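Structure first, then comments.
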Amino acid sequence: ILKCTAAPLMATPRLEPLAVGFLAGSVAAAVGIHAFYSLVARPDKARQPAADKHEASSSTEKTRLPRTDSKSKFAFSAHMAARMMDVETLNPSRIVDEDEEERRSVTVRVPATSANMGPGFDSIGMALDMWSEFTVERADKFEIINEGDGAEDIPCDETNLIHVACKRAYEMSGKPMPPLRYKCINRIPYARGLGSSSAAIVGGIIAGLVLSGHRMQVWGAEEVLQLAADIEGHPDNVAPAIYGGIQLGIKDERWISERVNLPAGLQVVIFIPNVIGKTSDARNVLPGKYSIQECVYNIGRIAWLVNALATNNLGQLRLGTADCLHQPQRGAGPYKHMQPMIDAAVAAGACCCYLSGAGPSVLAITSGASGDIFAQREKERVDRDVADAMIAAATSVGLKGQVVITEPIITGAYVAHAEPAFSRGLVKYKNL
């Protein structure tokens with residue numbers, strides 16, 4: 001700074017050497033003060049990696065389209081985990097109580113999810129634009145009211161998963177759980193392989209956290225995911241229900257999830273049978289052991305699937321969603337409609353087609369959507385052709401049902417309403 005500043009000043013005849021020295025000394029003092037502030041007064045900022053400084057400078061871009069680059073996400077996650085460790089262990093004086101005030105009622109909306117996506121058994125899933133809504137409020141006595149799909153079959157006692165999950169959230173908060181009234185509007189088809197149970201679990205956890213005024217750590221811990229996956233037993237539905245988009249989930253020392261790129265312009269065409277399918281029944285037809293060849297087949301296909309999504313290579317999705325660990329067994333067992341419907345959907349122009357979750361729903365992915373589809377020419381897309389082909393395939397095997405055309409959704413569960421509201425003064429949260 002001194003070299004760059006002093007040269008032109010010395011070349012200016014109007015400034016005396018004394019003035020130049022005074023200005024240079026002022027600049028040096030300012031630099032010293034900034035360094036002292038960074039290292040002593042704000043130690044957490046001084047340790048921020050350069051990658052995160054760059055990411056902060058492009059916050060507008062990140063808001064517009066979330067980054068899916070795994071290296072940058074890993075770096076940011078590691079940085080946030082380090083920040084949390086610093087706050088909680090190395091610098092106790094900086095601990096901030098994250099508990100909010102307790103609330104009287106909360107409404108949570110949770111998306112449907114499609115798990116497995118072919119070969120990713122119990123490890124990958126996608127959020128869909130189809131939402132269930134759960135309102136939980138303090139009451140004089142315990143009560144569950146079910147409306148919508150499966151209302152007659154879903155339990156209204158304390159075995160209901162929304163109550164089980166809400167209770168776990170209260171246990172984590174360390175506060176006693178009051179009597180609660182649950183109103184469940186189930187728009188996700190019940191027991192059809194579209195994540196209705198995961199929606200109840202995620203909705204119950206979020207509702208319990210909001211009502212108790214308790215918050216949980218995300219970066220470096222994914223504490224909400226830990227609760228949800230422990231109840232569900234696997235992360236393929238609950239991870240996209242929490243975070244949205246397409247999520248990979250594994251368990252190491254804890255449950256871990258990573259977002260997979262979601263190409264633009266995708267639609268999903270879902271054939272939903274009129275009959276329900278129990279996950280336990282669908283798992284009972286699976287063998288206890290698999291051959292090396294079968295395992296290698298699926299390892300290659302899941303890698304192919306993730307690469308096709310990451311590179312927006314939709315032409316490779318058909319190979320990427322092939323499977324030999326669960327779909328052939330379920331197609332030969334309870335779901336005779338599965339393979340004829342997959343073949344029909346692909347022949348009609350779908351990018352791929354697979355059994356959604358444990359079934360019985362079958363989901364096809366199509367492309368070409370842009371903007372609102374009802375303002376777009378139908379011949380630019382094949383979703384209606386695929387829907388008709390799937391219905392014809394179902395009819396050929398004597399299966400009744402309906403087709404729903406929707407799209408993947410990049411956002412997960414969210415609080416739609418709360419009392420008291422989160423918005424205060426001049427700071428407003430959307431719809432809250």
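What follows draws every value from the coordinates through simple rules; no lab data is involved. Everything quoted here is computed from the prediction, not taken from an experiment. In this analysis, Cβ positions are derived from the backbone assuming ideal geometry, glycine residues included, and neighbour counts consider all displayed protein chains.
Can you list the residues, at least 5 places off or on another chain, whose amide H is less than 5 Å from the amide H of F142, using H built in the peptide plane?
Placed amide hydrogens put L180 under 5 Å from F142.
Between E143 and K289, what is the label-to-label distance in nm when each label sits 7 Å out along the Cα-to-Cβ direction?
Distance between the two pseudo-spin positions: 5.6 nm.
How long is the gain from Y414 to N313 if the chain were fully straight, where each residue apart is worth 0.36 nm and the alpha carbon distance is subtracted?
Contour length minus Cα-Cα distance gives 33.3 nm.
What is the calculated FRET efficiency for Q217 to T395, with r their C-beta to C-beta distance and R₀ = 56 Å, to the nearest 0.05?
Efficiency computed from Cβ-Cβ geometry: 0.65.
As a test of understanding, state the convex hull volume per residue of the stretch 266-406 from its alpha carbons, in Å³.
So the per-residue Cα hull volume is 108 Å³.
If we sort 289-299, 357-367, 341-351, 126-136 on the protection proxy, mean other Cβ atoms within 10 Å, highest first, what's the order?
Descending packing order for the listed peptides: 357-367, 126-136, 341-351, 289-299.
Mind checking the log10 I(q)/I(0) for the stretch 127-248 at q = 0.10 Å⁻¹? Debye, one equal scatterer per Cα, no solvent, two decimals.
-0.28
So what are the ³J(HN,Hα) numbers for the stretch 267-280, from phi and the Karplus equation (6.51, -1.76, 1.60; θ = phi - 60°), rounded to whole Hz, Gly and Pro as x?
10, 10, 10, 10, 8, 10, x, 6, 9, 8, x, 8, 4, 4
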